[in-house]
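What follows is a set of notes on a single structure, which appears directly below.
The values are calculated or read from the model by the stated rules, or taken from the named source; none is laboratory data. Since the structure is predicted, the reported quantities are computational estimates derived from the model, not experimental observations. Cβ placement follows ideal geometry from the backbone for every residue including glycine, while neighbour counts extend to all protein chains displayed.
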Amino acid sequence: MNRLKKTAAALGALIVLSILANGQHNQTAIIERISDTDISRIEQQSSSESDSRTINVYNDETGKLQTMQLEDYIYHVVAGEMPARYDIEALKAQAVAARTYLIRKMPDGCSAKEGADICTNSEHCQAFSDDEKLKKNWGDNYEEYSEKLRKAVSETSGEILTYDGKAIEAFYHASSGGQTEDVKNVYSESQPYLKSVSSSGDEDEHTVSFTLDEFAKLLSEAAPSSGITADNADSVKVISRYDSGRVEKVQVGSAVLSGKQFRKALSLRSAIFWLSFSDGKVSVTTHGYGHGVGMSQMGADYLAEEGKTYEEILSHYYSGADITKINTLT
């Protein structure tokens, strides 16, 4: 049940109780007297269980394990994962995705530290920005951005994405380059809610260049038996792509690397890339930033700017998933 339905149900109950107490003839007056404050109180009560939960967070920078309110943790994750200038509906979508990621991970905990539910290392769990870092990064906009993000978190409090009654793998990334990737092409395991979908507004482009010596050295480290050198480095070529445009396989000398392996070897922004050789150098042009699975953060902001709600954004990127309250899970 989403927030709107839950609030409506509680509001209906309030009306019924008021009518029973005051008589049928006062129905209209009773309804008129139910104020925004009453509605707000109902919403706060409906999310109180989520608000009161605490989790154990391992701070990768300080090396300390700290206990935090779950929703406070989500605020700091949204602040670390998505630009605060983004539309609030995109920030709400990020809050739900981040909360889902946490709930999915909690049963097994975080392997970085015994007793931790999750850590602050974005390479291992999710990014996390504390208040000191946010004041430095946001500067004069700190109060404005903090209020905005707190609102995004509170207005989605306790909400996660589920499929068949279980929290989903809520992957997300910075930008997709125009098309997200089917999870099976990145992590080998298929999921019905992580299929490739179009993603407008995030076809960003980036080019990086290497000398042939640099290029060959990096690739030979990734594929030692390939026989790749500066002399034959210009023979490297893409041999297949997925439907999303991401590279599936690359011929590197006598070896074949996956697009994922090639991207890692050269520290590329994305597996959507093209190679160009000229004057003893190779230029690699990428579209997008990140693994490409799940929600594109830049695409989410574009959809929000187009008038889509966070529910619609999440429905687009996580096909068939439902928005569910944590306290309704079995």
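Here is how the numbers come out for the structure above:
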item	result
Per-region count, the range 172-225, residues in a loop (DSSP other than H, G, I, E, B) and on the phi < 0 side of the Ramachandran plot	20
Residue check, Val293 crowded, with 22+ Cβ neighbours inside 10 Å and in contact with a Gly (Cβ under 8 Å, 6 or more places away or on another chain)	no
Count of the range 116-134 residues which are part of a loop (DSSP other than H, G, I, E, B), of a type outside the set (Gly, Ala, Ser) and farther than 15 Å from Tyr145 by Cα	8
Exclusive hit being surrounded by fewer than 22 Cβ atoms within 10 Å (Cβ to Cβ) and either assigned to a loop (DSSP other than H, G, I, E, B) or basic (Lys, Arg) (or both), set Ser315, Ser319	Ser319
Test: residue in the range 50-64 that is at pLDDT 95 or above, out of contact with any His (no Cβ under 7 Å at 6 or more places or on another chain), part of a loop (DSSP other than H, G, I, E, B) and charged (D, E, K, R)	no
Subset of the range 204-233 [within 30 Å of Tyr317 (Cα to Cα) and surrounded by fewer than 17 Cβ atoms within 10 Å (Cβ to Cβ)]	Glu205, His206, Thr207, Val208
So Lys237, is it loosely packed, with under 13 Cβ neighbours inside 10 Å and of a type in the set (Lys, Arg)	yes
All positions within the range 188-203 that are surrounded by 16 or more Cβ atoms within 10 Å (Cβ to Cβ) and not charged (D, E, K, R)	Gln191, Tyr193, Leu194, Ser196, Val197, Ser199, Gly201
Matching residues, the range 241-281, being of a type in the set (Gly, Ala, Ser), under 28 Å from the mean Cα position of the chain (by Cα) and in a strand (DSSP E or B)	Ser258
Close pairs (9 angstrom Cβ cut-off, 6 or more residues apart or separate chains): without any contact (Cβ under 8 Å) to a residue 40 or more places away in the chain and of a type in the set (A, V, I, L, M, F, W, C) in the range 241-254, surrounded by 19 or more Cβ atoms within 10 Å (Cβ to Cβ) and part of a strand (DSSP E or B) anywhere	Val247/Phe273; Val250/Leu257
Inter-residue pairs, beta-carbon under 7 Å, first touching a residue at least 40 places away in the same chain (Cβ under 8 Å) and in the range 129-144, second surrounded by 13 or more Cβ atoms within 10 Å (Cβ to Cβ) and not in a helix (DSSP H, G or I), 6+ apart	Trp138/Ala84
Number of the exception - Lys166 against (1) in contact with a Phe, Trp or Tyr (Cβ under 6 Å, 6 or more places away or on another chain); (2) surrounded by fewer than 19 Cβ atoms within 10 Å (Cβ to Cβ)	(1)
